[in-house]
C-alpha cells in the first residue's frame, strides 16, 4: 500500500455548522480569553526574563508550553483569517524568545531565570515538553505566515537537544519525563525535511524504558512515566494519560516514517487497550485523579472521573496518527467520540472558561461526605469551569485543537481519498494545478444527511467512514443512484468513474440508548443516550427531583428540539423513575418521568447542578 | 404508661436454632480464639503492670477495654454455662486489677505504666472508655457469679471519676472523647441502685457539646466527637459511628430513667436519622473509612463501605434502648437487620477470625487501580477476616454480643409482655414464685413458623412484633383459632384470657427482592435479595464470569436449599446477565443466568473472591 497521508487543516476550510461556529468562537473570544488570563498571571511577561526572587508571578516550569500553545493557536487562526494584531503579538513573543535564548540555542524560562545552571537535570520538570510545544508553535507559525525566524530558533534548540541527548548523552536523564517533543520533532522533520529530527524523535521513543531513570517523586512509579519497559513490550495504556498518548502519538509517527512494524504493532495494542477497555463513552480517558492516570481495565467511575480535557485531545492526536498506520474506521469513531464530548466539554458555551477535569456525573449531595471528616476526603472533579488554572494546559490546548479541527477531515493515499470526519467543508489535495476537491455540505452530527462532491478524483477510490453507530442503518446514493453498501473495516468505498462524483450519504443520528460493556462496573445495569456521536446528559437544573433514580424501560421516544443556547439540539425522553416504599422495601414501581436532556459538552453552563450521563436500565 | 423493661439475657435461655449454634461456637471456640490472640499480643500480660520502656508489647490506650470485653464475654458465658477454668481466668485478671489499681481507685494500664502522671489529660485517649468497659465487665461478672470484688473495685473507680469530673471538675476535659462510660454507669446504677452513677451518666450526656473541648488531632472536627452541640440540639447522626451510638445509647438510658422528654425526642430524631437515611441494608453503619464515620444522608457506597462490626453492634445497643422509650416495631426490625447481617458477618463460620470492616461489595479487579499510582489510592475494606487487629475492639465485642443475645427477646411492662425477637428460647419474667414464662419453638429466621407458649400471663396483653417484611403477609392462630390481625406500630396484640396461651405465628420469610430508597445513589437501579431479615449475597467462587452484570427481570424463582456449611439456607435464583455488543454499543440483550446466593454473613469464608449484594434491577 502507498504511504497514507493526513490532509492538514491548512488545506481544509470549514464552511459551516458546529465546527465553523466553534472556530468563530475561538477566533472572536477564546483566543483572547486565554491571552488575557495568561497576561494577568504573568505568563507572557515571563518571556521577558525579568523575574527576580521576590517578584510576583514566579515563572513555572511549564509556562513556556502554555504560551507556546497559545502561539500555536494564534498561528492556526491567522492561517485561515489573517489578523495583523495577532501576528504582531506572536512576533513580539518570538522577539523575546530570540533575545533571551542562550547562545547555544537553549531556551527555557524557568531554567534560565529561576534555576539557572540546572538545565537538563530534572527529568520531571517539563523542559523537553516545553521545547516540544515551542517547536510545534514555530512549525504552525511558519505554515501560517511563511516567516521562518521562529522556526530557525527552534531548529537551533532542537540541534542542541540532539547533541546533548543523543550524541553526547550528557544530560542527567535520557528521555523526557513528559513526552511531547517526540511528535513535535516529527512535525519539525515534516516541515524542514531534516532527517536528524526524525532520528532524534526515534531515539527518544526507543530509549524510553530501557533504563530505570524515573524520578523518585510523589508519582514516582515507572509506569506513571511510561518508563517501566520499552514501548515495544507494552501491552496496556498506563500511567499519566496525556504523557502516554503524546508518547504513543510520537511512536506511531516514528513507526510510520521508519516503516517499523514492531513499533506499529505496539501502538496498535496500546490503542486497543484504550479503545476497548479504558475509554469513557465521552472519549475521555484517565479515571484516576491520582497521577491523572489510566488505571485498570473497565475501571471507569463517573462521579470521580478525572478525564482531563488535554487527555481527550491527546487521544485524538494518537488516533489520527494510528489512522495512518491502519485503515480502520475505529480511529475516526474514537476521534469523533472525543471531539464532540470529552474535548468540547472542556470549553464553556461562551468561550471564556474551561474544565480541566470532565466528570460524567455530579452528585452535589454526595459531596457533603467530605465535610464529615477533616482528612482524608474523597477527591471530586470541579463542578464549574474556570477562566485559568495554576496548571493551565487545557485552555490553550483546546484552542489550538478547534482552530486546527480540519486536520481530521480527510486522509489520502495514491489510490484513495478517505473522508473520515463529516462537517461542512472544502478540502483540497494533490497537485496544485489540478487538485482533487472534496466538498461537504451537512448539518452533521445533528442531521445525518451529508452531501459530498468530489472533483477530479477519476480513477481513484473514495472511502467514506461509516460510523459504528450507523453501520447497520444508513443510506447512500452516488450520482443520484444506488450504491453498494459493503463496508471494509468501517469504510464504504466508491470508485470515482468520472471527475465529478456526488454522494448523498445519510447516517442515522437519531437518539439511541447505549450500553457499556458490563465489565464496566460503574455503568453495569445502566444506559446512556447518544445521538450520532454526541453523548447527552441530564442536569438537575432541567429536571425536578433527584436525577439518579431515573431510568429507561423499553425503547424511549425522544422529542428533539433545536437549541440556540447549546448550538445543538436538546431533547426530552419518556423515561421512568423508580419509586420504592422506604429505605429498604420490597415494593418498587415505576412512574413516568419526562426527562430533559442536553448535549454532554454543554453541561455546567447554567450554574452548579447535578448531572448524569448513565441512567438506570430498567429493561425492555 | 408504666415503665418498660428489657428482659435481661440471664432470664432467657436460647434453646435451639441459629443463635444456640452461635452461642455454642462462642463458648467452644470464639472465647478462646480471642483469648489466645490477646495473650500472644501481650494484652493479658499488660495487666501485670510490668511493662517497661524497651519491652515488647507496649500497652496501648485501649487494651484495658479489649480485655474488659473479653472478661464480660467470659462472664456472660459462665452465667449460662458455669466453667471453673474461665472463672479462674477472670478472677486472675480481677486480682491483677485490684493489685495494680491506684490507692484512690484509679485503674488504667497506659496511664500508669506508659505515661504515668498524665491521667485525665487527653480527651481522645479512651481512659473513660476503658473505665466504662471495665464497669460493664464487673457488672456482668457480678450477675454471673454473685461475687462482688470486681464490682466494688469498679465502684471505687466510678466514685473517683465522679469526684474528678462532676464534683471537682479537675480533669483537663469534661466529657470522654469516646463515649461508653455513660451506658456503663447506667448499668452500674442498675445493679447497685446508687443514683450517683445515674447522675454521673446524666452529667456526661448533658455537658457534652456545651463547650469546645475537642482535641485538635487528625480527626479533630467537633462533629467527629459528637461535640459540636448539645445532644438535645442534634438532628442527625454524625461523626464516628461507634462513639455516636454508644453516646446515644447512654442518652436513651438517661432519658428513660430521668423521664426526660426533650432528651428522648433528640434520641428519636437521631435514631430516625440512621434508620431512614444512613443505614445499609445489612444494618451496617459508617460509610466512610475516614474517621469511621457517618457521612451524609443516603451516601452508602458498597465497595468502600466501612461498616465496622462494632458499629453494627452499637446500633443494636441503641435500638434496644430506644425500644424502651418508644413502643415501635422499627427498633426490633433494625436489631434483627443488624444481628443477622452486619454484626454476624464480623465472625468467620469457624469462629476463629473477624472482620473489622464489612463491605457490601468486593470487586477484586477494580482494586488494581491502587497499583496504578503510588499515592493516594482509594481505600478499600479487607477481603478476608483476621484473627486479631492492632485495634482489636470487634472480636471481643461480637463475642459478648452473641453470648448475651437473649437480651433482645422480650420487653415488658406492667400490662404487656412483648416478644421482639423470634428464636427458640424460654424467657422467664415477673415474680420468682409465679413467673410468666414465654417459650418459643422455631426455625426462624429460616423458617417462618413460630410456636409461642405464654404461661401465667392471664389479664395481660401479649405483643408480637410483626417484622416489616412480613407485615402484609403473615398468619396467626391463638389457642388454635383465628386471631385479629391489626398491628399497632408494628405489634400485634393478643389478650391473654387464660394462664396458658398458645400462639402459632407464621411470618413470610420466603426470598424476596428488596429495593433501596432511590436517593441511595449506590443502590439506585439495583435490588438485593433477602429472606426474612437475612440479606443474601453472591460470591465469585460460586458464580462463573463477572458478578456485576447480573440482575433480575421480573419476580425470580428461588430454589432454597439447606446448607450445613453456612448454618443457614443457600439458594439459587433465575437471574439474567446483560450482554452488550462491545465497549459502547446500542445492543443489549439478556441471557438467563443461574445465580447462586449465600447468606451475607457467610461471605469470605472460602478465600478471597468477588462479592455483591446489590444486583441490577432490569425491571418487571
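Going through A:114, A:94 one at a time, which residue ends up being within 27 Å of the chain's Cα centre (by Cα) and in contact (Cβ under 8 Å) with a residue 40 or more places away in the chain? Before you say what the answer is, go through the steps one by one.
Numbers: A:114 fails: within 27 Å of the chain's Cα centre (by Cα).
Result: A:94 is the single residue among A:114, A:94 that is within 27 Å of the chain's Cα centre (by Cα) and in contact (Cβ under 8 Å) with a residue 40 or more places away in the chain.
Taking only region B:459-488 into account, find how many residues are within 14 Å of chain A (Cβ to nearest Cβ) and in a loop (DSSP other than H, G, I, E, B).
Residues meeting the conditions: 4.
Residue A:479 versus (1) crowded, with 20+ Cβ neighbours inside 10 Å; (2) on the phi > 0 side of the Ramachandran plot: which is the lone unmet condition?
Unmet for residue A:479, out of (1) crowded, with 20+ Cβ neighbours inside 10 Å; (2) on the phi > 0 side of the Ramachandran plot: (1).
For region B:31-71, how many residues are part of a helix (DSSP H, G or I), more than 18 Å from residue B:133 (Cβ to Cβ) and touching a residue at least 60 places away in the same chain (Cβ under 8 Å)? Walk me through it before giving the result.
Start the filter on region B:31-71 by keeping residues that are part of a helix (DSSP H, G or I), which leaves B:31-40, B:45-48, B:63-71.
Okay, now just the ones that are also more than 18 Å from residue B:133 (Cβ to Cβ), so B:32-33, B:36, B:39-40, B:45, B:48.
From the residues that got through so far, the ones that are touching a residue at least 60 places away in the same chain (Cβ under 8 Å) too are B:33, B:40.
Number of matching residues: 2.
Taking region B:337-357 as the region of interest, how many residues are over 18 Å from residue B:304 (Cβ atoms) and surrounded by fewer than 24 Cβ atoms within 10 Å (Cβ to Cβ)?
Counting residues in region B:337-357 that are over 18 Å from residue B:304 (Cβ atoms) and surrounded by fewer than 24 Cβ atoms within 10 Å (Cβ to Cβ) gives 6.
Looking at this structure, is residue A:74 buried (at least 22 other Cβ atoms within 10 Å of the Cβ) and either in contact (Cβ under 8 Å) with a residue 12 or more places away in the chain or not in a loop (DSSP other than H, G, I, E, B) (or both)?
On the way: buried (at least 22 other Cβ atoms within 10 Å of the Cβ): yes; either in contact (Cβ under 8 Å) with a residue 12 or more places away in the chain or not in a loop (DSSP other than H, G, I, E, B) (or both): yes.
Yes: the conditions hold for residue A:74.
Against the condition within 30 Å of residue A:466 (Cα to Cα) and away from chain B (no Cβ under 14 Å), how does residue A:345 come out, does it pass?
Numbers: within 30 Å of residue A:466 (Cα to Cα): yes; away from chain B (no Cβ under 14 Å): yes.
Yes; evaluated as a whole, the condition is true for this residue.
Confirm whether residue B:255 is modelled with pLDDT of 95 or more, crowded, with 24+ Cβ neighbours inside 10 Å and more than 10 Å from chain A (Cβ to nearest Cβ).
Numbers: modelled with pLDDT of 95 or more: yes; crowded, with 24+ Cβ neighbours inside 10 Å: yes; more than 10 Å from chain A (Cβ to nearest Cβ): yes.
It is true that residue B:255 is modelled with pLDDT of 95 or more, crowded, with 24+ Cβ neighbours inside 10 Å and more than 10 Å from chain A (Cβ to nearest Cβ).
What helices (runs of 4 or more DSSP H) completely inside region A:358-439 contain at least 3 residues that are in contact (Cβ under 8 Å) with a residue 40 or more places away in the chain, more than 14 Å from chain B (Cβ to nearest Cβ) and surrounded by 22 or more Cβ atoms within 10 Å (Cβ to Cβ)?
On the way: elements: A:364-367, A:369-372, A:394-403.
Once the helices (runs of 4 or more DSSP H) in region A:358-439 are filtered for at least 3 residues that are in contact (Cβ under 8 Å) with a residue 40 or more places away in the chain, more than 14 Å from chain B (Cβ to nearest Cβ) and surrounded by 22 or more Cβ atoms within 10 Å (Cβ to Cβ), what remains is A:394-403.
Quick check: anything in region B:460-468 surrounded by fewer than 21 Cβ atoms within 10 Å (Cβ to Cβ), more than 21 Å from residue B:338 (Cβ to Cβ), in contact with a strand residue (DSSP E or B) (Cβ under 7 Å, 6 or more places away or on another chain) and at pLDDT 95 or above?
yes
Tell me which residues, restricted to region B:1-26, are buried (at least 16 other Cβ atoms within 10 Å of the Cβ) and assigned to a helix (DSSP H, G or I).
B:9, B:10, B:11, B:17, B:18, B:19, B:20, B:22, B:23, B:25, B:26
Residues to consider are B:314, B:249, B:262, B:273; find the one that is in a helix (DSSP H, G or I), more than 10 Å from every other protein chain (Cβ to nearest Cβ) and closer than 24 Å to residue A:364 by Cβ.
Details: B:314 fails: closer than 24 Å to residue A:364 by Cβ; B:249 fails: closer than 24 Å to residue A:364 by Cβ; B:262 fails: closer than 24 Å to residue A:364 by Cβ.
After applying the criteria, what remains is B:273.
Please specify each residue of region A:444-455 satisfying the condition of being buried (at least 17 other Cβ atoms within 10 Å of the Cβ) and in contact (Cβ under 8 Å) with a residue 60 or more places away in the chain. Write out each step before concluding.
Let us first name the residues in region A:444-455 that are buried (at least 17 other Cβ atoms within 10 Å of the Cβ), namely A:444-446, A:448, A:450, A:452, A:454-455.
Once the filter is applied, which keeps residues that are buried (at least 17 other Cβ atoms within 10 Å of the Cβ) and in contact (Cβ under 8 Å) with a residue 60 or more places away in the chain, region A:444-455 yields A:444, A:445, A:446, A:448.
Looking at region A:282-304 only, could you name the residues that are more than 10 Å from every other protein chain (Cβ to nearest Cβ) and farther than 20 Å from residue B:582 by Cβ?
A:286
Within region B:478-509, can you find the residues that are in contact (Cβ under 8 Å) with a residue 40 or more places away in the chain and over 25 Å from the mean Cα position of the chain (by Cα)?
Pass one, region B:478-509, residues in contact (Cβ under 8 Å) with a residue 40 or more places away in the chain: B:487, B:489-491, B:493, B:496, B:498-509.
Matches in region B:478-509: B:487, B:493, B:496, B:498, B:499, B:500, B:501, B:502, B:503, B:504, B:505, B:506.
For the condition over 24 Å from the mean Cα position of the chain (by Cα), under 24 Å from residue A:278 (Cα atoms) and not assigned by TED's automatic domain parsing to the domain that holds residue B:358, what is the one hit in B:519, B:589?
Working: B:519 fails: under 24 Å from residue A:278 (Cα atoms).
None of the others qualify; the one that does is B:589.
Could you look through region B:136-154, keep only residues that are part of a helix (DSSP H, G or I) and surrounded by fewer than 19 Cβ atoms within 10 Å (Cβ to Cβ), and pick out the one that is nearest to the chain's Cα centre (by Cα)?
Step one: filter region B:136-154 for residues part of a helix (DSSP H, G or I), giving B:136-145, B:149-154.
Keeping just the survivors that are surrounded by fewer than 19 Cβ atoms within 10 Å (Cβ to Cβ) gives B:143, B:145, B:149, B:152.
Details: B:143: 22, B:145: 25, B:149: 29, B:152: 28 Å.
Of everything passing the filter in region B:136-154, B:143 is nearest to the chain's Cα centre (by Cα).
In region B:160-177, is there at least one residue being crowded, with 21+ Cβ neighbours inside 10 Å, under 27 Å from the mean Cα position of the chain (by Cα), assigned to a loop (DSSP other than H, G, I, E, B) and not assigned by TED's automatic domain parsing to the domain that holds residue B:74?
no
Do we find that residue B:581 is within 22 Å of the chain's Cα centre (by Cα) and assigned by TED's automatic domain parsing to the domain that holds residue B:542 in this structure?
Working: within 22 Å of the chain's Cα centre (by Cα): no; assigned by TED's automatic domain parsing to the domain that holds residue B:542: yes.
No; evaluated as a whole, the condition is false for this residue.
Please count how many residues of region B:304-318 are in contact with a helix residue (DSSP H, G or I) (Cβ under 7 Å, 6 or more places away or on another chain) and farther than 19 Å from residue B:333 by Cβ. First the steps, then the outcome.
Step one: list which residues in region B:304-318 are in contact with a helix residue (DSSP H, G or I) (Cβ under 7 Å, 6 or more places away or on another chain), which gives B:307-318.
If we keep only those that are farther than 19 Å from residue B:333 by Cβ too, we end up with B:308-310.
Number of matching residues: 3.
Scan region B:497-515 and give yes if some residue there is within 11 Å of chain A (Cβ to nearest Cβ) and assigned to a helix (DSSP H, G or I), otherwise no. Explain how you work it out, then say what you get.
As a first pass, look at region B:497-515 and keep what is within 11 Å of chain A (Cβ to nearest Cβ): B:508, B:510-515.
Among the residues that remain, those that are also assigned to a helix (DSSP H, G or I) are: none.
No - not one qualifying residue is present in region B:497-515.
Within region A:526-575, track down each residue that is more than 22 Å from residue A:609 (Cβ to Cβ) and surrounded by 23 or more Cβ atoms within 10 Å (Cβ to Cβ).
Residue satisfying the conditions is A:533 alone.
Restricted to region B:77-89, and to residues that are in contact (Cβ under 8 Å) with a residue 60 or more places away in the chain and touching a helix residue (DSSP H, G or I) at 6+ places or on another chain (Cβ under 6 Å), which residue is farthest from residue B:350 (Cα to Cα)?
As a first pass, look at region B:77-89 and keep what is in contact (Cβ under 8 Å) with a residue 60 or more places away in the chain: B:77-80.
Adding the requirement that they be touching a helix residue (DSSP H, G or I) at 6+ places or on another chain (Cβ under 6 Å) leaves B:77-79.
Details: B:77: 18, B:78: 21, B:79: 23 Å.
By that ranking, first place goes to B:79.
The values are calculated or read from the model by the stated rules, or taken from the named source; none is laboratory data. Everything quoted here is computed from the prediction, not taken from an experiment. Counting neighbours? That spans all protein chains shown, and the Cβs are built from the backbone with ideal geometry, glycine included.
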